[in-house]
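Novice: Structure incoming, see below.
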Amino acid sequence: MKSLHHFLQDNKTYLNTNFEGVLHIMDSIQKASIIISKKVRKAGLLNITGEAGATNVQGESQKKLDIIANDIFIEALTTSGYCCGIASEENDDILIIDSKNGQYLVCMDPLDGSSNIDVNVSIGTIFSIYKKLDENTPVTVDDFLQKGNKQLAAGYVLYGSSTMMVFTSGNGVNGFTYDSDKNDFYLSNPNMNSPKNGTIYSLNQGNFIEFPIGVQNYIHYCQEKDKESNRPYSLRYIGSLVADFHRNLQKGGIFIYPPTAKTPNGKLRLLYECNPMAFIAEQSGGKAFTHNQRILDIKPTEIHQRVSLFIGSSEMVNKALDFVKEY
Ligand code: AHG
Ligand code: MN
Ligand code: MN
């Protein structure tokens, strides 16, 4: 079986002139995720569960592993020699890295699903790779405010029953499983395709009364008895976007994070959650929209911008958007 590094090397074409940079950055991301995977799998013994006692710019309390994962990725990307800037969920502002070949930017959620760390439920890492707008000028925040359709590559690592890296650079989606005996990722799920339809809907039903009426009506549609369309669907919600998305990618399904009273623009962040997942969704034949706009077409206005998210099997997303459009 082909390792991730060799898979990338053998597929230079679709990365063309950016191949060198993406390959080095992917090498550093996978090295960092292996370190994190090993820590996650014995977190209880390392005294790295629980709160770090600080809050991030999102106003969310940071877990110890949020900060540890963030530091590990920053260290790995800094030493890659090709990364010139990072936008991280855990840092208020962009991090500028002085590097001789640095033409590439990384947006990342170092640890997604933090609320699940202490209860031994799947968590993940999400990342996006862009090229700097102008190779002759210093990095600024504008370099990070590119539309998601400018991503060179995107991926997530799922620290689940196995550790998997799911990755795209615009030529389909491929899944790699970490082999702890060989300490490397190997191609296990070539050419992943999102089922057009499915019978799983995934959202935090606890917020039902705060959801827009169109979303409430879509939920009722999912719950109706209709043999022909295999309804009622099943509600599955893990609370880690990476895990909910990955299940839907394999089995078919829709994940929705709509606006709520607490998060009127939606909770999930455009740069390092919605855009990378939208790139993967579309590359696998799925769909990713806010209530009325293709995620990858949104022009970001700030690095921690939040948007609503309807993502997964294309026919399910279309159906949900029909309900949302009506109101
Ligand atoms: P993070 O841990 O990086 O802040 O992300 C958590 C996100 C996402 O992973 C998940 O789908 C969502 O928050 C769950 O939110 P609720 O607990 O509000 O349902
Ligand atoms: Mn997250
Ligand atoms: Mn996070």
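The values are calculated or read from the model by the stated rules, or taken from the named source; none is laboratory data. Quick caveat: nothing in here was measured; it's all calculated off a predicted structure. No Cβ is skipped: glycine too gets one built from the backbone with ideal geometry, and neighbour counts run over all protein chains shown. We work out accessible area using only protein heavy atoms, side chains counted, and drop any ligands, DNA or RNA first. Shrake-Rupley method; radii C 1.70, N 1.55, O 1.52, S 1.80 Å.
Novice: Multiply the residue separation of Lys251 and Lys196 by 0.36 nm, subtract the distance between their alpha-carbon atoms, and state the gained length in nm to one decimal.
Specialist: 18.8 nm
Novice: Next up: Just subtract the alpha-carbon distance of Tyr186 and Thr263 from 0.36 nm times their residue separation and send over the number in nm, one decimal.
Specialist: Full extension from Tyr186 to Thr263 adds 23.9 nm.
Novice: When the helix-only estimate is applied to the chain (DSSP H runs of n ≥ 4, each -39,500 (n - 2.57), divided by the residue count), what is the mean residue ellipticity at 222 nm, nearest 500 deg cm²/dmol? Walk me through the intermediate numbers first.
Specialist: On the way: 7 runs with 89 residues, N = 327.
That calculation yields -8500 deg cm²/dmol at 222 nm.
Novice: For the chain, give me the percentage of DSSP beta bridges that are antiparallel, rounded to the nearest 5 percent.
Specialist: 85 percent
Novice: Let me check against my output: what whole-number percent is the relative contact order of the stretch 200-325, with C-alpha pairs under 8 Å and at least 6 apart? Walk me through the numbers before you get to the answer.
Specialist: Details: 210 pairs, mean separation 36.5, N = 126.
Dividing the mean separation by the residue count of the stretch 200-325 yields 29 percent.
Novice: Another question about this same structure. For the stretch 200-325, would you read off the P(r) tail past 27 Å as a percentage of all alpha carbon pairs?
Specialist: Every Cα pair in the stretch 200-325 considered, those over 27 Å come to 10 percent.
Novice: Shifting gears a bit: Take the Cα of Asn171, step 7 Å along the line toward its Cβ, and report every residue of the stretch 85-108 whose backbone nitrogen sits under 11 Å from that point.
Specialist: Taking a point 7 Å out along Cα→Cβ of Asn171, no residue of the stretch 85-108 has its backbone N under 11 Å.
Novice: For the chain, what does the relative contact order come out to in percent, with C-alpha contacts under 8 Å and a separation of six or more? Each step should come with its number before you reach the end.
Specialist: Values: 719 pairs, mean separation 53.1, N = 327.
Contact order relative to length: 16 percent.
Novice: What whole-number distance in Å separates the alpha-carbon centres of the stretch 1-66 and the stretch 69-109?
Specialist: Between the Cα centres of the stretch 1-66 and the stretch 69-109 lies a distance of 12 Å.
Novice: For the chain, with a Gaussian network of springs between Cα atoms less than 10 Å apart, report the residue from Gly21, Gly113, Gly50 with the top mean-square fluctuation.
Specialist: Gly50
Novice: For Ser188, what residues show an amide H to amide H distance below 5 Å, using hydrogens built from the backbone and excluding near sequence neighbours?
Specialist: Gly175, Phe176, Thr177
Novice: May I ask you to give the solvent-accessible area per residue for the stretch 4-189, in square angstrom, as obtained with a 1.4 angstrom probe?
Specialist: 41 Å²
Novice: Shifting gears a bit: In whole Å, how far is the Cα centre of the stretch 238-259 from that of the stretch 197-237?
Specialist: Going from one Cα centre to the other spans 13 Å.
Novice: Output ³J(HN,Hα) for the stretch 293-309: one whole-Hz value per residue in order, computed from phi by the Karplus curve 6.51 cos²θ - 1.76 cosθ + 1.60 with θ = phi - 60°, and x for Gly and Pro.
Specialist: Ordered by residue, 3J(HN,Hα) equals 9, 5, 4, 5, 9, 6, 8, x, 10, 8, 5, 10, 4, 9, 9, 6, 9 Hz.
Novice: Relative contact order for the stretch 198-245: what is it in percent, counting Cα pairs under 8 Å that are at least 6 residues apart?
Specialist: Values: 40 pairs, mean separation 22.7, N = 48.
For the stretch 198-245, the relative contact order is 47 percent.
Novice: In whole Å, what three semi-axes, largest first, describe the equivalent ellipsoid of the chain built from its Cα gyration tensor (square root of 5 times each eigenvalue)?
Specialist: Working: eigenvalues 183, 89, 88 Å².
For the chain, the semi-axes come out at 30, 21, 21 Å.
Novice: 7 Å from Cα along Cα→Cβ at both Leu133 and Glu302: what's the point-to-point distance in nm?
Specialist: Calculated label separation equals 1.8 nm.
Novice: Where only protein heavy atoms count, and the probe is 1.4 Å, what is the accessible area per residue for the stretch 207-277 in Å²?
Specialist: Accessible area per residue, the stretch 207-277: 44 Å².
Novice: Go through the stretch 260-270 residue by residue and turn each phi into a ³J(HN,Hα) via Karplus (6.51, -1.76, 1.60, θ = phi - 60°); whole Hz please, and just put x for glycine and proline.
Specialist: So the Karplus estimates, Gly and Pro as x, are 10, 4, 6, 10, x, 9, x, 9, 7, 8, 5 Hz.
Novice: Between Ala52 and Lys147, with labels modelled 7 Å along Cα→Cβ, what's the label distance in nm to one decimal, could you check?
Specialist: 3.4 nm
Novice: Additional query: How much net charge surrounds Asn149 when only the other residues with a Cβ under 12 Å from the Cβ of Asn149 are counted, with Lys and Arg +1 and Asp and Glu -1?
Specialist: +2
Novice: Going through the cross-link list Lys38/Lys131; Lys39/Lys64; Lys150/Lys251; Lys196/Lys227; Lys39/Lys150, which pairs have a Cα-Cα distance over 21 Å in this structure? Could the numbers behind the result be given before it?
Specialist: Numbers: Lys38/Lys131 30 Å; Lys39/Lys64 11 Å; Lys150/Lys251 28 Å; Lys196/Lys227 18 Å; Lys39/Lys150 33 Å.
Correct reply: Lys38/Lys131; Lys150/Lys251; Lys39/Lys150.
Novice: Would you give the gap between the C-alpha center of the stretch 122-153 and the C-alpha center of the stretch 274-320, rounded to a whole Å?
Specialist: Rounded to whole Å, the Cα centres lie 17 Å apart.
Novice: While we're on this one: With +1 on the Cβ of every Lys and Arg and -1 on the Cβ of every Asp and Glu, and nothing else charged, how large is the dipole of the stretch 255-327 about its Cα centre, in debye rounded to the nearest 20?
Specialist: So the dipole magnitude of the stretch 255-327 works out to roughly 200 debye.
Novice: Counting other Cβ atoms within 10 Å, which GluC sites (Glu not before Pro) in the stretch 216-287 have at most 12 and lie in a DSSP loop?
Specialist: Qualifying residues, ordered by number: Glu224.
Novice: Under 5 Å between amide H atoms, partner at least 5 residues away or on a different chain: which partners does Ile298 have, H built in plane at 1.01 Å?
Specialist: Here Gly148 satisfy the definition.
Novice: Give, in nm to one decimal, the length gained when the segment between Asn204 and Glu224 is fully stretched (0.36 nm per residue of separation minus the Cα-Cα distance).
Specialist: 5.4 nm
Novice: Between Gln293 and Thr78, with labels modelled 7 Å along Cα→Cβ, what's the label distance in nm to one decimal, could you check?
Specialist: 3.5 nm
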